[in-house]
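*Asks:* Structure incoming, see below.
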Amino acid sequence: MTTNKYISSLPTSEAKIMKNFRKIILNGDKSVVEKFDRIMSIPNTLNYYEDGVFKYGLAVTKEYVSFHSMVMYAYPELQVELKQKLKKVKFRKGCINFKNLDDFPIKEFENHIKLSAELDFTGIIKHYKSKNQ
């Protein structure tokens, strides 16, 4: 399945989230390459890699939409900032689960990606690659 076919197969609200967030990631972080894949046990996800290392992911499950970020995992202050602004989402170490754009507004996501793209991700890439050699 292609990314566009997958997104068009989603319910309208989830498709809107995926289209918008996908566009923001691709426009806001020029270092990433998109791959239609899976995150952990979640099939059909949009994943974004920098230099072959997972950086972001978007997934739709039965209960929520999930945004995964290794940048947020490496820089917890990004999550602290979002926790102050997003009151209706569920935070995990490196991901945010939410139900709609009221819970995670596009403007907040856009700002988060901008900040994430400005942070140095090379240490994470080196660490991951050294563990997998």
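*Asks:* Give me the mean projected area, in nm² to one decimal, of the convex hull enclosing the Cα positions of the stretch 1-58. Could the numbers behind the result be given before it?
*Replies:* Numbers: hull surface 15.5 nm².
Orientation-averaged projected area of the Cα hull: 3.9 nm².
*Asks:* Related question: Could you state the orientation-averaged shadow area of the convex hull built on the Cα atoms of the chain, in nm² to one decimal?
*Replies:* One quarter of the hull surface, i.e. the mean projection, equals 7.9 nm².
*Asks:* Related question: Accessible area, 1.4 Å probe, largest first: how do TYR49, TYR6, TYR73 sort?
*Replies:* Numbers: TYR49 50, TYR6 15, TYR73 115 Å².
Reading off the accessible areas and sorting them downward yields TYR73, TYR49, TYR6.
*Asks:* Next question, about the same structure. Going toward the positive end of the dipole of the stretch 20-61, with +1 on Lys and Arg Cβ and -1 on Asp and Glu Cβ, which of LEU46, THR61, LEU26 do you reach last?
*Replies:* Toward the positive end, the furthest listed residue is THR61.
*Asks:* Which of the trypsin sites (Lys or Arg not before Pro) across the stretch 93-133 are loop residues per DSSP, with 10 or fewer other Cβ within 10 Å?
*Replies:* LYS93
*Asks:* So, one more: Rounded to the nearest Å, what's the spacing between the alpha carbon centres of the stretch 8-44 and the stretch 68-108? Just the number, please.
*Replies:* 16
*Asks:* Probe radius 1.4 Å, ligands and nucleic acids ignored: give me the carbon and sulfur share of the accessible area of the chain as a rounded percent. Before the final figure, lay out the partial values.
*Replies:* Working: 4060 of 7760 Å².
In the chain, the share of accessible area belonging to carbon and sulfur is 52 percent.
*Asks:* Taking the solvent-accessible surface of protein heavy atoms with a 1.4 Å probe, what is the per residue accessible area of the chain in Å²?
*Replies:* 58
*Asks:* Using a simple charge model, +1 on the beta-carbon of Lys and Arg, -1 on the beta-carbon of Asp and Glu, nothing else, what dipole does the chain show about its Cα centre, in debye to the nearest 20?
*Replies:* So the dipole magnitude of the chain works out to roughly 300 debye.
*Asks:* Summing Lys, Arg as +1 and Asp, Glu as -1, what charge do residues with Cβ under 12 Å from the Cβ of LEU86 carry, LEU86 excluded?
*Replies:* +3
*Asks:* For a quick check of your reading of the filter: which GluC sites (Glu not before Pro) in the stretch 42-133 sit in a DSSP loop and have no more than 10 other Cβ atoms within 10 Å?
*Replies:* Counting only loop positions with at most 10 other Cβ atoms within 10 Å, the GluC sites (Glu not before Pro) in the stretch 42-133 are GLU63.
*Asks:* Beta carbons within 10 angstrom, averaged per residue: use that to sort the peptides 53-59, 28-34, highest first.
*Replies:* 53-59, 28-34
The values are calculated or read from the model by the stated rules, or taken from the named source; none is laboratory data. As the structure is a prediction and not an experimental result, all values here were calculated from the model. Counting neighbours? That spans all protein chains shown, and the Cβs are built from the backbone with ideal geometry, glycine included. Areas reflect the complete protein model, heavy atoms only, side chains present, ligands, DNA and RNA absent. Shrake-Rupley method; radii C 1.70, N 1.55, O 1.52, S 1.80 Å.
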